[in-house]
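The values are calculated or read from the model by the stated rules, or taken from the named source; none is laboratory data. Since the model is a prediction, treat every value here as computed from it, not as a measurement. Here the Cβ positions follow ideal geometry from the backbone for every residue, glycine too, while neighbour counts run over all protein chains shown.
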Amino acid sequence: MSTPSLPPLAIRRLTLRDLTACADLSEDRGWPREEHKWGLLLTAGKGYGIDDPDGGLVSACVVTEYGSQDHPDLGAIGMVLVAERHARQGIGRLLMRHIVSTMATTPLTLHATPYGRPLYEELGFKVTGRAEMLRGHFTPGGPEPKVVTRAATAEDLPAILRLDEEVFGADRTPIITRLPAFADRLRIAEENGRLIGYAAAWPNMDTHVVGPLIASDTETAKALIVSLAAHTERPLRTDIDVRHEELLAWAKERGLASVAFNAVMTYGIPELPGDWTRRFAPLTVAAG
């Protein structure tokens, strides 16, 4: 007796009304529900999904576009999920081919797990970097960074946007302007009245995720992490570019342990734009 097959699959745009279905899909695959993150991505980005005739979603993903609305400079793909009951049927490939086709000439990027990487390579994505996920309770100790940090205010937002675009290599206004409401803490670092870094800590299940983390140098990055850790009792989680070896070693000395490695992949460009030396951690691997 053959297994009933799905009818022809129609891919549609997702909205905030699909938030619970997206969280259910995450849970189905053994991921945290991450409703707070889904809410940000579905409002700042574009969600795509396939409905299950029996209810819920067969598959979903989100694309966050940066730069001009008409001609984006970069699209970040994240939260690519297929329900367990429909896995290994080519549905993820179908959805990804649709995204690549829809984005046309827009360069793309994503963070790939070892499980997902072969599919993305098949579609033409290339590995251009790696990020190491760290998690744990931060333990203060050792020499304190001498960089001054403080809580960001509404007046700091224009300077944050300018620095972010300079370092990231594309305008991220739609997502960065949502940070004050999305994050529990938003801190900046200054030198002689000039913004030299900023970082946020936002709630995700039982952790606080540190990201974005943009800083002029490693000492500034350390100072921002210390200032964020001082205001939470939750474990911290972050994804640090593996080229920032000094920061990774320091964070591990302070109680954060390596959880996983993800491949940073690009499509249509040989590497990510911007200045990686000042880009320490993404807001989330789902949005860059």
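Data table
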{"quantity": "For residue 20: the one exception among (1) assigned to a strand (DSSP E or B); (2) more than 22 Å from residue 172 (Cβ to Cβ)", "calculated": "(1)"}
{"quantity": "Total residues in the stretch 105-146, condition surrounded by 15 or more Cβ atoms within 10 Å (Cβ to Cβ), of a type in the set (A, V, I, L, M) and closer than 23 Å to residue 283 by Cβ", "calculated": "6"}
{"quantity": "Residues (touching a Ser or Thr at 6+ places or on another chain (Cβ under 9 Å) and either part of a loop (DSSP other than H, G, I, E, B) or acidic (Asp, Glu) (or both)) located in the stretch 259-281", "calculated": "268, 269, 270, 271, 272"}
{"quantity": "Boolean, residue 149 is surrounded by 15 or more Cβ atoms within 10 Å (Cβ to Cβ), outside any helix (DSSP H, G or I), among the hydroxyl-bearing types (Ser, Thr, Tyr) and out of contact with any Ser or Thr (no Cβ under 6 Å at 6 or more places or on another chain)", "calculated": "no"}
{"quantity": "Some residue of the stretch 142-164 being under 18 Å from residue 269 (Cβ atoms), under 17 Å from the mean Cα position of the chain (by Cα) and assigned by TED's automatic domain parsing to the domain that holds residue 246", "calculated": "no"}
{"quantity": "Test: residue in the stretch 112-133 that is under 28 Å from residue 253 (Cα atoms), among the hydrophobic types (A, V, I, L, M, F, W, C), part of a loop (DSSP other than H, G, I, E, B) and at pLDDT 95 or above", "calculated": "no"}
{"quantity": "Qualifying positions in the stretch 162-184 - over 24 Å from residue 108 (Cβ atoms) and surrounded by fewer than 19 Cβ atoms within 10 Å (Cβ to Cβ)", "calculated": "162, 180, 181, 184"}
{"quantity": "Test for residue 27: is it within 17 Å of the chain's Cα centre (by Cα) and acidic (Asp, Glu)", "calculated": "no"}
{"quantity": "Pick from the stretch 200-258, criterion more than 19 Å from the chain's Cα centre (by Cα) and among the basic types (Lys, Arg), ranking: surrounded by the most Cβ atoms within 10 Å (Cβ to Cβ)", "calculated": "222"}
{"quantity": "Residue ID - surrounded by the fewest Cβ atoms within 10 Å (Cβ to Cβ), chosen from residues in the stretch 62-98 that are assigned to a helix (DSSP H, G or I) and in contact with a strand residue (DSSP E or B) (Cβ under 6 Å, 6 or more places away or on another chain)", "calculated": "98"}
